[in-house]
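Have a look at the structure below, then the notes.
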4 protein chains.
Amino acid sequence: MSAELKRLREEVAALHAELTRYGLVVWTAGNVSGRVPGEDLFVIKPSGVSYDELDADAMVVCDLEGNLVDGTRAPSSDTAAHAYVYRHMPEVGGVVHTHSTYATAWAARGEPVPCVLTMGADEFGGEIPIGPFALIGDDSIGRGIVETLRGSRSPAVLMQNHGPFTIGTDARAAVKAAVMVEDVARTVHISRQLGAPLPIAQEHVDALHDRYQNVYGQAGGNA
Amino acid sequence: MSAELKRLREEVAALHAELTRYGLVVWTAGNVSGRVPGEDLFVIKPSGVSYDELDADAMVVCDLEGNLVDGTRAPSSDTAAHAYVYRHMPEVGGVVHTHSTYATAWAARGEPVPCVLTMGADEFGGEIPIGPFALIGDDSIGRGIVETLRGSRSPAVLMQNHGPFTIGTDARAAVKAAVMVEDVARTVHISRQLGAPLPIAQEHVDALHDRYQNVYGQAGGNA
Amino acid sequence: MSAELKRLREEVAALHAELTRYGLVVWTAGNVSGRVPGEDLFVIKPSGVSYDELDADAMVVCDLEGNLVDGTRAPSSDTAAHAYVYRHMPEVGGVVHTHSTYATAWAARGEPVPCVLTMGADEFGGEIPIGPFALIGDDSIGRGIVETLRGSRSPAVLMQNHGPFTIGTDARAAVKAAVMVEDVARTVHISRQLGAPLPIAQEHVDALHDRYQNVYGQAGGNA
Amino acid sequence: MSAELKRLREEVAALHAELTRYGLVVWTAGNVSGRVPGEDLFVIKPSGVSYDELDADAMVVCDLEGNLVDGTRAPSSDTAAHAYVYRHMPEVGGVVHTHSTYATAWAARGEPVPCVLTMGADEFGGEIPIGPFALIGDDSIGRGIVETLRGSRSPAVLMQNHGPFTIGTDARAAVKAAVMVEDVARTVHISRQLGAPLPIAQEHVDALHDRYQNVYGQAGGNA
């Protein structure tokens, strides 16, 4: 195993702790993957394994068809969706799937999260879009993700009745998007419970998104 | 004490930590039990003991009438309900009872949780049903659980005005169902606060449930 | 300092950790006190001290007029209310005050929490009552607590626009009531967000409360 | 580096842990700063750095125009707003910015939080005001904060569509205000979900605020 792959296994394993830290997952219901730089491979969580037991060795490696290439366990049941995204979006280096509560609540109504927060403009550049209803078991989920996100500024899609998938240039960026999609979905939900949030003018959304993506310094982080 | 019984005491004690980890219980208000394989006995939490003090030695063993067989403390006040389930559902190896917030909120309205999430289809195969109002102190609660769950695909019943009881092939599976019933009850509640969640067609519910129960690999887990 | 007093200082200090564990308090906004058995004294939290710094030595001792008798810091700003309760309710051995979110939300509307959960019947024997609006600085708060709870089955009162006060035979029982009042207030709130919870017949409330208070074994605990 | 500056770097770094403890921030989206006593300088969080990695050495020092004076990383992207406040409000020794959920939910509707809790009267002396919508990148945010808080009893302003900024005599006081603004915003939100909270008469608001600010002992804390 190359040093690069070892490092990626460690990183992807460790990033699952961010999903539990922010309460985005229960039991084993969420997963992170990261593309192996320069190879048609990605590292992903094994299926049905508790977050407490995840370490670099437990991670599995798949090719871009979702076939197991390295590892002793079955890959996540969402592997086909991750693989589809890596196959069709070469700029994507990380994918995350959760069933985080508020994002999934919008998904169950098939309703995009409107852009009424500066944080929403910063991170998503507009509303957070809904993807189609899709059954697990073939390419439907992956296709729905790619068709929704290709050409969108949003790194997150809310798959209808299912939950959010997020992408990023690497696994860490996709995890950040998963954290942010839940935070924005929650705040907008709560705001709307007592009335209509004020819209942000499109030119302001554009200005915020542009600055956030292009100006911010180290790690591309905010605050 | 047999090695098997010792292991089961440890497992049942440890599984209570999952109830606190996911915020399903406060104070001492929830309990896990597990059937002793091949014997008419089960291991259960003692009554009124803090989750911090639970270890294998604190657990008690009861027969299927709910009588204390081994242990120095009184068994959980819900022991009769657990015993009734073990007596009448030989396929059940674990039972869990909590008062988790969102599941209990649906129970207080006597309203089943509709199946509008793929996770709901996966885990419960349809809506999460309501059981009757029943007083503690005789077989009423146990009977209500068994009558509701026998023949249902759901491993969870919301006892009216009371809270969820879940079952599984072993204690761990019943704990997983307790975690999932709260997660699904919460997400559907929140979704419905701002409008009507979209239904999932019955054929899709069936397809999701069938695949989830039969295809998934190691540990039967999702993701 | 007697061994008894030392033990009580330790117990009261430690019980504050239950307030933070269950999210009932932020910053320094909540307090626990316990009566010194056989003496006209009680142990209480000092004012404005972080929960991280609370230990037995930081606790202060007051007489039943609320005067500082032992300790190097000023007693909690709520000391007069605690003292009033100890003076007028000799059966009370512990008092707790928090601003826990859901209990305070009912208090802000001046609306008692209806008894629609078996846990509410068990712990409170009916609805959780509202006390009057009262300013801090004289006996108003204490008087409002005592007038509301004297003759009530509930160990908790929601002081209007303010928050819950709870009592018990000792400090631990009052803390348990503070945990339970928030749990019941939260679950009933959430249930009512989507419709009307089903009432529990008065005879069932009585039966549940009677059994819970009189039958349950070790530590008087549930589950 | 002076001992005073070293101590302030440590304090400001450590105070960020209060933001995560109370769930006021996700990822890197919040920051604390503290004025260097007797100098036209302040210590602030660097941009885009995880809360886990924050220690005294990671903090940066800026002048009151927001220029980096000491430190190896870029200052927080909100530095211009902090600097503006220090320039125009000499009595302010600490500034905090978060996107905490409930405070931001009121901000998205542009609606002040009414004073219906004694805690709100104590801490804010009335309603929690809304500041204008402002883009990041020039003095707009700082100006909106100062114009709203100058002459107000509230140490917190909810910047429209954005989130809360709080001030205090030092960094710790500003953090306390950030904790309290979220707590009050949450409790009032939840209260209003099921009806109208009861108002508190202005004379009572005044009496509560006056006593809380002037009478309370050690650390100016409550409870």
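The values are calculated or read from the model by the stated rules, or taken from the named source; none is laboratory data. Here the structure is a predicted model, which is why all the values come from computation and not from measurement. Virtual Cβ from ideal backbone geometry, glycine too; neighbours counted across all protein chains shown. Note: areas computed on protein heavy atoms with side chains; ligands, DNA, RNA excluded. Shrake-Rupley method; radii C 1.70, N 1.55, O 1.52, S 1.80 Å.
Okay, here's what the table says:
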{"read-out": "Residues that are within 11 Å of chain A (Cβ to nearest Cβ) and closer than 11 Å to D:VAL43 by Cα, drawn from region D:69-81", "value": "D:PRO75, D:SER76, D:THR79"}
{"read-out": "Condition broken by A:SER2, with the remaining ones in (1) over 18 Å from the mean Cα position of the chain (by Cα); (2) hydroxyl-bearing (Ser, Thr, Tyr); (3) under 30 Å from D:SER100 (Cβ atoms) satisfied", "value": "(3)"}
{"read-out": "Hits in region B:169-193 (condition: more than 9 Å from chain A (Cβ to nearest Cβ) and of a type in the set (Asp, Glu))", "value": "B:ASP170"}
{"read-out": "Matching entry among A:ALA121, A:ALA196 (being over 19 Å from A:THR79 (Cβ atoms), within 14 Å of chain D (Cβ to nearest Cβ) and outside any helix (DSSP H, G or I))", "value": "A:ALA196"}
{"read-out": "Residues being under 17 Å from B:ALA83 (Cα atoms) and basic (Lys, Arg) - total across region B:1-52", "value": "3"}
{"read-out": "Criterion (at pLDDT 95 or above, touching a helix residue (DSSP H, G or I) at 6+ places or on another chain (Cβ under 7 Å) and outside any strand (DSSP E or B)) met by exactly one of A:GLU65, A:GLU111", "value": "A:GLU65"}
{"read-out": "Residue in region B:14-44 that is modelled with the lowest pLDDT, counting only those that are part of a loop (DSSP other than H, G, I, E, B), in contact with a Gly (Cβ under 8 Å, 6 or more places away or on another chain) and open to solvent by less than 20 Å² (accessible area, probe 1.4 Å)", "value": "B:THR28"}
{"read-out": "Any hit, region B:138-152, residues being of a type in the set (A, V, I, L, M, F, W, C) and over 13 Å from the mean Cα position of the chain (by Cα)", "value": "yes"}
{"read-out": "Residue pairs meeting the criteria (Cβ under 7 Å; at least 6 apart or on separate chains; first in contact (Cβ under 8 Å) with a residue 40 or more places away in the chain, in region B:147-175; second open to solvent by 10 Å² or more (accessible area, probe 1.4 Å) and among the basic types (Lys, Arg))", "value": "B:GLY168/B:LYS176"}
{"read-out": "Selected residue (only one of C:PRO132, C:PRO164 is away from every other protein chain (no Cβ under 11 Å), more than 15 Å from C:PRO90 (Cα to Cα), crowded, with 24+ Cβ neighbours inside 10 Å and of a type outside the set (A, V, I, L, M, F, W, C))", "value": "C:PRO164"}
{"read-out": "Pairs, first within 16 Å of D:PHE124 (Cβ to Cβ) in region D:206-223, second buried (at least 16 other Cβ atoms within 10 Å of the Cβ) and at pLDDT below 50, C-beta under 7 Å, six or more apart", "value": "D:TYR212/D:ASN222; D:TYR216/D:ASN222"}
{"read-out": "Pick from region C:89-102, criterion in contact with a Lys or Arg (Cβ under 8 Å, 6 or more places away or on another chain) and not in a loop (DSSP other than H, G, I, E, B), ranking: most open to solvent (accessible area, probe 1.4 Å)", "value": "C:TYR102"}
{"read-out": "Enumeration of residues in region A:68-88 that are part of a helix (DSSP H, G or I) and not basic (Lys, Arg)", "value": "A:THR79, A:ALA80, A:ALA81, A:HIS82, A:ALA83, A:TYR84, A:VAL85, A:TYR86, A:HIS88"}
{"read-out": "Lone unmet requirement of (1) farther than 15 Å from C:ALA173 by Cα; (2) free of Cβ contacts under 8 Å to residues at least 60 places away in the same chain; (3) not aliphatic (A, V, I, L, M) for C:HIS16", "value": "(1)"}
{"read-out": "Qualifying residue in region C:213-223 (condition: among the hydrophobic types (A, V, I, L, M, F, W, C) and under 19 Å from the mean Cα position of the chain (by Cα))", "value": "yes"}
{"read-out": "Cβ-Cβ under 7 Å pairs, at least 6 apart or on other chains, region C:36-52 side over 13 Å from C:ASP70 (Cα atoms), far side hydroxyl-bearing (Ser, Thr, Tyr) and open to solvent by 10 Å² or more (accessible area, probe 1.4 Å)", "value": "C:SER47/C:SER77; C:SER47/D:TYR216; C:GLY48/D:TYR216; C:TYR51/C:THR20"}
{"read-out": "Criterion violated by C:LEU158 - all others in (1) closer than 29 Å to D:ASP210 by Cβ; (2) open to solvent by 10 Å² or more (accessible area, probe 1.4 Å); (3) part of a strand (DSSP E or B) satisfied", "value": "(2)"}
{"read-out": "D:GLU147, sole failed condition from (1) surrounded by fewer than 19 Cβ atoms within 10 Å (Cβ to Cβ); (2) within 14 Å of chain A (Cβ to nearest Cβ); (3) among the acidic types (Asp, Glu)", "value": "(2)"}
